[in-house]
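Undergrad: Quick one: structure below, then a few questions.
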Amino acid sequence: MELTIRVNVPQPIMSRQAAEISSRMSEFSSRVLLRRRDTTVNAKSLMGIMSLGLSGGQAVTIVASGADEAAAASALAALLGA
């Protein structure tokens, strides 16, 4: 499943927030990707998330596939403030 959202966080996502996101996504068995423009990263990867340089107002696409894809996509959207 794919879900495009707009990031709604007050400050750019730095290491602490990226660690929280990757840790939370690791709880799901589904493959969870995060795409911004032409770059796609594994949402379970701290460095991958940080490499996107996410901040408020940016559009991102969550791509999830697997048994718990809907729950994973919903959780990631919530973590990104959508």
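Read the figures in this text as sums done on the coordinates, not as results from a lab. Keep in mind it's a predicted model, so treat the numbers as computed, not measured. Every residue, glycine among them, receives a Cβ derived from its backbone with ideal geometry; neighbour counts consider all protein chains shown.
Undergrad: May I ask you to list the residues in region 44-82 that are within 12 Å of Val9 (Cβ to Cβ) and polar (S, T, N, Q)?
TA: The answer is Ser55, Gln58.
Undergrad: Please specify each residue of region 43-62 satisfying the condition of being in contact with a strand residue (DSSP E or B) (Cβ under 6 Å, 6 or more places away or on another chain), surrounded by 17 or more Cβ atoms within 10 Å (Cβ to Cβ) and either within 14 Å of Ile5 (Cβ to Cβ) or acidic (Asp, Glu) (or both).
TA: Within region 43-62, Ala43, Leu52, Val60, Ile62 meet the criteria.
Undergrad: Can Leu33 be described as touching a helix residue (DSSP H, G or I) at 6+ places or on another chain (Cβ under 8 Å) and not in a helix (DSSP H, G or I)?
TA: For Leu33, the condition - touching a helix residue (DSSP H, G or I) at 6+ places or on another chain (Cβ under 8 Å) and not in a helix (DSSP H, G or I) - is not met.
Undergrad: Find the residue count for region 63-74, including only residues that are over 12 Å from Thr4 (Cα atoms), among the aliphatic types (A, V, I, L, M) and not in a loop (DSSP other than H, G, I, E, B).
TA: 3
Undergrad: Next up: Can you name the residue in region 1-32 that is among the basic types (Lys, Arg) and touching a Gly at 6+ places or on another chain (Cβ under 9 Å) and is also surrounded by the most Cβ atoms within 10 Å (Cβ to Cβ) among such residues?
TA: The residue in question is Arg31.
Undergrad: Tell me which residues, restricted to region 36-55, are assigned to a strand (DSSP E or B) and in contact (Cβ under 8 Å) with a residue 24 or more places away in the chain.
TA: The one that is assigned to a strand (DSSP E or B) and in contact (Cβ under 8 Å) with a residue 24 or more places away in the chain: Arg36.
Condition check ((1) of a type in the set (A, V, I, L, M); (2) farther than 14 Å from Ala82 by Cβ) across all residues:
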residue	(1), (2)
Leu3	yes, no
Pro12	no, yes
Ser22	no, yes
Arg36	no, no
Thr40	no, yes
Gly48	no, yes
Leu52	yes, yes
Gln58	no, no
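Undergrad: Within the bounds of region 7-26, is there any residue that is at negative phi, free of Cβ contacts under 8 Å to residues at least 24 places away in the same chain and in a loop (DSSP other than H, G, I, E, B)?
TA: There is at least one residue in region 7-26 that is at negative phi, free of Cβ contacts under 8 Å to residues at least 24 places away in the same chain and in a loop (DSSP other than H, G, I, E, B).
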